[in-house]
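Undergrad: Would you mind keeping the following structure in view while I ask a few things?
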Amino acid sequence: MGENLTRKIIGEHLVSGEMSPGAEIGLRIDQTLTQDATGTMAYLQFEAIGLERVKTELSVSYVDHNMLQSDFRNADDHLYLQTVAARHGITFSRPGNGICHQVHLERFGVPGKTLLGADSHTPTGGGLGMLAIGAGGLDVAVAMAGAPFYVSMPKVVLVRLEGKLPPWVAAKDVILELLRRLSVKGGVGKVIEYGGLGVATLTVPERATITHMGAELGATTSIFPSDERTREFLAAQGREQDWRPLAADPDAEYDQVITLDLSELEPLVACPHSPDNVVPVRELAGLPVQQVCIGSCTNSSVMDLEKVAAMLAGHTVAPGVSLTISPGSKQALTMIAKSGALATLVAAGARVLESACGPCLGQGQAPSSGAVSVRSFNRNFQGRSGTTDAQVYLASAEVCAATALRGALTDPRELGEMPVVTMPQAYVLNDNMVIAPPADASQVEVVRGPNIKPLPTRGPLDDTLQGELLLVMGDNITTDHILPAGAKILPLRSNIPAISEYAFTRVDPTFPERAKAAGSGFVLGGENYGQGSSREHAALAPMYLGVRAVLAKSFARIHQANLINFGILPLVFARPEDAERLKQGDVLRLPEVRARLSAGQLVTVVDVTQGIEIPMTYDLSERQIEIILAGGLLNYIQATA
Ligand code: MIC
Ligand code: SF4
């Protein structure tokens with residue numbers, strides 16, 4: 001039997017473990033990326049490991065998230081990132097150069113390589129045939145130090161694409177359809193591999209939209225073959241030498257096969273407040289809309305922006321709508337400036353923002369109270385936009401542009417003929433905002449502003465854990481619930497004591513105060529706990545506030561790894577119905593937890609208040625148990641070095 005593409009690349013990078021689904025494997029990492037909101041922690045951790053120079057083929061540090069400089073803090077972090085990159089052999093992408101995933105796809109991604117990124121949307125690189133995985137900053141720091149990245153061997157799902165997208169139907173609709181079918185936890189433990197004759201009909205930027213938003217399925221990653229379209233894209237980027245053909249064997253086996261006929265798709269929209277809450281646009285057509293945002297690393301390529309400009313040409317954005325455009329990269333912005341599309345957008349009344357994440361993570365452009373905002377982005381979790389009662393919908397750039405014109409949610413098929421936009425034969429190449437690290441960095445001074453506080457750590461796991469059940473939550477709790485982003489909180493990403501004051505405040509504003517008063521405690525979640533962003537602050541802040549263990553029905557991959565890395569025990573209810581028995585405020589005790597973990601036995605939660613016992617299991621490798629016992633990955637590395 002032949003191999004699928006995912007297993008071929010894993011096989012080429014396998015350092016340890018067996019390639020049987022669920023088993024822990026160690027992978028050699030060729031490239032890493034970080035962004036500024038996760039990067040400061042990642043580089044503080046890299047510094048703590050104590051290595052002079054990164055050991056990867058390429059590590060890139062991007063600045064794209066914390067761009068609002070309303071005081072010294074974000075600017076200080078940017079300076080730290082620039083100097084620490086130069087000091088340790090890391091390529092630095094300056095603020096203004098664009099969003100990490102978009103720029104990495106354009107300028108650095110290479111088919112067949114592994115990429116580990118401190119951002120959940122790293123799988124964007126799968127559009128080029130990379131095995132690109134999102135992780136917490138500490139895992140990325142360890143990979144930069146040359147150590148393997150450990151992950152559960154995924155199952156591989158083939159999404160067999162047939163046919164061709166009809167006019168006005170976009171790559172975004174492909175991934176929205178998969179989210180509709182599979183849900184935000186449908187991809188957990190899986191890699192989504194695309195195949196079939198429909199693949200050749202999609203350009204690399206379209207493929208990247210699809211693999212990118214595979215993050216919303218909870219998938220380990222998503223990947224397309226590297227074919228003629230990939231070669232064309234790399235050639236247009238002046239990087240044809242990076243191309244290598246890659247595909248599954250014709251008789252490859254998969255753990256699951258899904259068939260998706262592109263020609264049967266129609267424009268779709270994800271309704272508030274989850275990316276899998278998907279319906280056809282026509283069902284909601286006419287819904288009045290107050291804001292439209294086009295951009296984010298999901299849909300901000302040159303082609304997306306050219307198409308939007310062609311749709312807006314000669315028109316004015318509807319009077320009740322504020323339209324923002326954030327180009328994904330300096331390259332995309334330069335090209336729409338040269339083609340005239342930028343002038344068209346401005347003439348139509350678009351508010352053009354810098355090449356950065358911007359409104360995607362609530363960094364400005366919060367909608368008005370109760371507003372409906374339609375965005376070409378990827379996450380519509382409640383409050384992420386910066387306005388708690390805003391209603392955020394996710395759709396293609398085409399749906400967004402049609403909606404901006406009409407002032408109401410619009411199926412673009414109503415607009416008549418679709419403008420045809422083709423992939424550029426040659427992109428504008430100018431990497432002058434990328435700084436290569438000096439060969440001799442011994443004289444580089446790392447600049448640390450007062451916003452950068454030392455990393456908090458925790459000692460080894462206690463033998464018995466005791467404390468209050470501080471918070472009881474439901475299913476699909478996101479890391480945006482656990483530790484929100486937004487313009488106010490983001491400048492605190494390098495200051496764990498300060499950012500901890502916001503932990504769980506989206507769920508219960510009294511949490512930080514109560515946790516500090518209790519001194520030690522637990523939180524309880526439902527299914528898919530910790531989905532979404534890779535921010536390890538969602539583990540660091542609870543750790544800092546004394547959370548010892550999270551009890552849940554199931555965990556999202558990156559967040560579970562982050563909890564382990566910071567010594568918080570992720571426990572799973574052996575009987576899911578037990579989750580309903582524990583009450584907020586109960587005192588819980590976990591006796592002999594060290595001994596039980598070491599022996600691979602179930603852990604018992606004794607609810608001292610109610611006098612009941614609940615059995616808990618865990619999905620931890622032996623290595624992860626060692627890390628938990630040591631009180632986190634940095635302690636473990638120091639102990640085993
Ligand atoms: C996101 O899209 O949620 C973010 C903001 O890019 C995060 C990273 C972060 O929280 O810094 C992600 O996707 O991992
Ligand atoms: Fe930035 Fe949004 Fe992309 Fe995250 S998803 S990297 S916040 S643009």
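The values are calculated or read from the model by the stated rules, or taken from the named source; none is laboratory data. Since the structure is predicted, the reported quantities are computational estimates derived from the model, not experimental observations. Methodologically, a virtual Cβ is constructed for each residue, glycine included, from the backbone with ideal geometry; neighbour enumeration extends over all protein chains shown. Heavy atoms of the whole protein, side chains included, go into the accessibility calculation; ligands, DNA and RNA do not. Shrake-Rupley method; radii C 1.70, N 1.55, O 1.52, S 1.80 Å.
Undergrad: Looking only at the stretch 583-607, filter to residues that are loosely packed, with under 14 Cβ neighbours inside 10 Å and either touching a residue at least 60 places away in the same chain (Cβ under 8 Å) or on the phi > 0 side of the Ramachandran plot (or both); which one of those is farthest from the chain's Cα centre (by Cα)?
TA: Per the criteria, the residue is ALA595.
Undergrad: Which one of the conditions (1) in contact with a helix residue (DSSP H, G or I) (Cβ under 8 Å, 6 or more places away or on another chain); (2) closer than 28 Å to ALA248 by Cβ; (3) open to solvent by 10 Å² or more (accessible area, probe 1.4 Å) does GLY117 fail to meet, given that it meets all the rest?
TA: Failed condition: (3).
Undergrad: Still on this model: Every residue in the stretch 1-37 that is open to solvent by 10 Å² or more (accessible area, probe 1.4 Å) and assigned to a helix (DSSP H, G or I), please.
TA: Scanning the stretch 1-37 gives ARG7, LYS8, GLY11, GLU12.
Undergrad: Additional query: Give me a count of the residues in the stretch 237-265 that are assigned to a loop (DSSP other than H, G, I, E, B) and either within 17 Å of ILE223 (Cα to Cα) or aliphatic (A, V, I, L, M) (or both).
TA: Count: 11.
Undergrad: A further question follows. Checking the condition in a helix (DSSP H, G or I) and among the polar types (S, T, N, Q), which residue from THR422, THR403 passes?
TA: So the residue among THR422, THR403 that is in a helix (DSSP H, G or I) and among the polar types (S, T, N, Q) is THR403.
Undergrad: Which residues, taken from the stretch 608-635, are open to solvent by less than 50 Å² (accessible area, probe 1.4 Å) and free of Cβ contacts under 8 Å to residues at least 40 places away in the same chain?
TA: ILE612, ILE625
Undergrad: Inspect all residues belonging to the stretch 83-90 and state whether any of them is more than 27 Å from ASN635 (Cβ to Cβ), buried (at least 24 other Cβ atoms within 10 Å of the Cβ), more than 22 Å from the chain's Cα centre (by Cα) and touching a residue at least 12 places away in the same chain (Cβ under 8 Å).
TA: no
Undergrad: Moving on to the next point. So in the stretch 332-357, with the set limited to residues that are within 13 Å of ligand 2 (Cβ to nearest atom) and surrounded by fewer than 24 Cβ atoms within 10 Å (Cβ to Cβ), which one is nearest to LEU394 (Cα to Cα)?
TA: Of everything passing the filter in the stretch 332-357, LEU353 is nearest to LEU394 (Cα to Cα).
Undergrad: From VAL156, VAL103, grab the single residue that is over 23 Å from SER355 (Cα atoms), in contact (Cβ under 8 Å) with a residue 24 or more places away in the chain and crowded, with 21+ Cβ neighbours inside 10 Å.
TA: Only one candidate qualifies: VAL156.
Undergrad: In the set CYS400, CYS360, which member is under 13 Å from ALA487 (Cβ atoms), modelled with pLDDT of 95 or more and either within 16 Å of ligand 2 (Cβ to nearest atom) or surrounded by fewer than 24 Cβ atoms within 10 Å (Cβ to Cβ) (or both)?
TA: After ruling out the rest, the residue left standing is CYS360.
Undergrad: Right, another one. Got a sec? Which of ARG231, ARG207 is in contact (Cβ under 8 Å) with a residue 12 or more places away in the chain, within 23 Å of TYR427 (Cβ to Cβ) and either open to solvent by 20 Å² or more (accessible area, probe 1.4 Å) or assigned to a loop (DSSP other than H, G, I, E, B) (or both)?
TA: Of ARG231, ARG207, the one residue that is in contact (Cβ under 8 Å) with a residue 12 or more places away in the chain, within 23 Å of TYR427 (Cβ to Cβ) and either open to solvent by 20 Å² or more (accessible area, probe 1.4 Å) or assigned to a loop (DSSP other than H, G, I, E, B) (or both) is ARG231.
Undergrad: I would also like to ask the following. Using beta carbons and a limit of 6 Å, which pairs, at least six apart or on different chains, have the first residue in the stretch 428-447 and over 13 Å from VAL60 (Cα atoms) and the second one open to solvent by less than 70 Å² (accessible area, probe 1.4 Å) and assigned to a loop (DSSP other than H, G, I, E, B)?
TA: Partner pairs satisfying both residue conditions: LEU429/GLY238.
Undergrad: If I filter the stretch 434-444 for residues that are farther than 30 Å from ALA86 by Cβ and assigned to a loop (DSSP other than H, G, I, E, B), do I get at least one hit?
TA: Checked against the condition, which is being farther than 30 Å from ALA86 by Cβ and assigned to a loop (DSSP other than H, G, I, E, B), the stretch 434-444 yields no hits at all.
Undergrad: Separate question: Restricting attention to the stretch 310-331, does a residue exist that is in contact with a Cys (Cβ under 8 Å, 6 or more places away or on another chain), more than 16 Å from ligand 2 (Cβ to nearest atom) and in a strand (DSSP E or B)?
TA: yes
Undergrad: Would you point out the residue of the stretch 363-380, among those that are open to solvent by 10 Å² or more (accessible area, probe 1.4 Å) and within 11 Å of ligand 1 (Cβ to nearest atom), that is farthest from GLY320 (Cα to Cα)?
TA: ARG379
Undergrad: Condition first: farther than 30 Å from VAL428 by Cβ and open to solvent by less than 40 Å² (accessible area, probe 1.4 Å). Can you find one or more residues in the stretch 61-78 that meet it?
TA: Yes, the conditions are met somewhere in the stretch 61-78.
Undergrad: Something else now. Of the residues that sit in the stretch 290-318 and are crowded, with 23+ Cβ neighbours inside 10 Å and more than 20 Å from THR334 (Cα to Cα), which one is farthest from the chain's Cα centre (by Cα)?
TA: Residue satisfying both the conditions and the ranking: GLN291.
Undergrad: Could you go through the stretch 46-59 and let me know if any residue there is part of a helix (DSSP H, G or I), at pLDDT 95 or above and within 15 Å of ligand 2 (Cβ to nearest atom).
TA: no
Undergrad: Could you run through the stretch 140-157 and say how many residues are assigned to a loop (DSSP other than H, G, I, E, B) and small (Gly, Ala, Ser)?
TA: Result for the stretch 140-157: 3.
Undergrad: Of the residues SER326, SER274, SER263, which is among the hydroxyl-bearing types (Ser, Thr, Tyr) and over 25 Å from the mean Cα position of the chain (by Cα)?
TA: Exactly one residue qualifies, and that residue is SER263.
Undergrad: Take the stretch 422-465 and flag every residue that is within 19 Å of LEU563 (Cβ to Cβ) and not small (Gly, Ala, Ser).
TA: LEU455, PRO456, THR457, ARG458, PRO460, LEU461, ASP462, LEU465
Undergrad: Name every residue in the stretch 106-140 that is away from ligand 1 (no atom under 15 Å from the Cβ) and among the aliphatic types (A, V, I, L, M), in order of residue number.
TA: VAL110, LEU128, MET130, LEU131
Undergrad: Now for a different question. I need the full set of residues from the stretch 397-413 which are within 14 Å of GLN290 (Cα to Cα) and touching a helix residue (DSSP H, G or I) at 6+ places or on another chain (Cβ under 6 Å), in order please.
TA: Correct list: ALA401, ALA402, LEU409, THR410.
Undergrad: Which residues, taken from the stretch 266-283, are open to solvent by 50 Å² or more (accessible area, probe 1.4 Å) and not in a loop (DSSP other than H, G, I, E, B)?
TA: Of everything in the stretch 266-283, those that are open to solvent by 50 Å² or more (accessible area, probe 1.4 Å) and not in a loop (DSSP other than H, G, I, E, B) turn out to be ARG282, GLU283.
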